[in-house]
1. Of (1) modelled with pLDDT of 95 or more; (2) of a type outside the set (D, E, K, R); (3) part of a loop (DSSP other than H, G, I, E, B); (4) closer than 24 Å to residue 8 by Cβ, residue 87 satisfies all except one. Which?
2. So which pairs qualify, if the first residue must be in the range 72-93 and touching a residue at least 24 places away in the same chain (Cβ under 8 Å) and crowded, with 17+ Cβ neighbours inside 10 Å, the second must be in a strand (DSSP E or B) and among the aromatic types (Phe, Trp, Tyr), the Cβ gap must be under 6 Å, and the two must be at least 6 apart or on different chains?
3. Among 29, 51, which is the only one that is over 10 Å from the mean Cα position of the chain (by Cα), surrounded by 12 or more Cβ atoms within 10 Å (Cβ to Cβ) and closer than 23 Å to residue 141 by Cβ?
4. Yes or no: residue 125 modelled with pLDDT under 95 and either of a type in the set (Asp, Glu) or in contact with a Phe, Trp or Tyr (Cβ under 6 Å, 6 or more places away or on another chain) (or both)?
5. Can you run down the residue pairs with Cβ atoms below 9 Å, 6 or more apart or on separate chains, where the first is in the range 26-50 and over 19 Å from residue 69 (Cβ atoms) and the partner is at pLDDT below 95 and not aliphatic (A, V, I, L, M)?
6. So in the range 107-150, with the set limited to residues that are of a type in the set (Asp, Glu) and outside any loop (DSSP other than H, G, I, E, B), which one is surrounded by the most Cβ atoms within 10 Å (Cβ to Cβ)?
7. Could you identify the single residue in 104, 96 that is surrounded by 13 or more Cβ atoms within 10 Å (Cβ to Cβ) and within 19 Å of residue 9 (Cα to Cα)?
8. For the range 46-60, how many residues meet the condition of being in a loop (DSSP other than H, G, I, E, B), farther than 25 Å from residue 15 by Cα and not basic (Lys, Arg)?
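The values are calculated or read from the model by the stated rules, or taken from the named source; none is laboratory data. Since this is a predicted model, take the numbers as computed values, not measurements. Here Cβ is always computed from backbone atoms with ideal geometry, including for glycine, and neighbour counts include all displayed protein chains.
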Amino acid sequence: MAVIVELSISDEVDAAAMPSEENFQQWAQSCYPGEDEAVVSLQIVSSEEMQELNKTYRAKDKPTNVLSFPMELPEEVGINILGDLALCADVIEAEAKQQSKESAAHWAHMVVHGMLHLQGYDHIEDGEAEAMEAGEIEIMKTLGFENPYQ
């Protein structure tokens, strides 16, 4: 197993309503092409917690679906930590309903999206956005999900 997911769920979130730890592991693994072991911390947070993170790190005073915090350590540290992902359960569930998507498909997409950010992908420039979306579509397809942008 090349990716180790360290999952934590906020006390403010209904853990019983979340996808399984195995799902999160599979989704994260699906978009990591490396052979070497890597670690990602995946935090499931409430709307209030996500709003605070988004305000602190992006100067946006509202909750969002996923935030990624890539980590770059010197090679001599000897461990490959990709970084941290914060996923907001309330926002992801609300978006899935608004977009008429299966909940699991939207959760998977947010994990894939965040994992690609941790690996250097971005969507600020049009060309970068197209490349990132194409990668997401292909990964989601390998996981058995439809194109998340349709």
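1. (3)
2. Close Cβ pairs satisfying both conditions: 83/69; 84/69.
3. Answer to the check: 29.
4. Judged against the criteria, residue 125 is a match.
5. 33/119; 36/80; 37/80
6. Checked the range 107-150; the qualifying residue surrounded by the most Cβ atoms within 10 Å (Cβ to Cβ) is 136.
7. 104
8. 1
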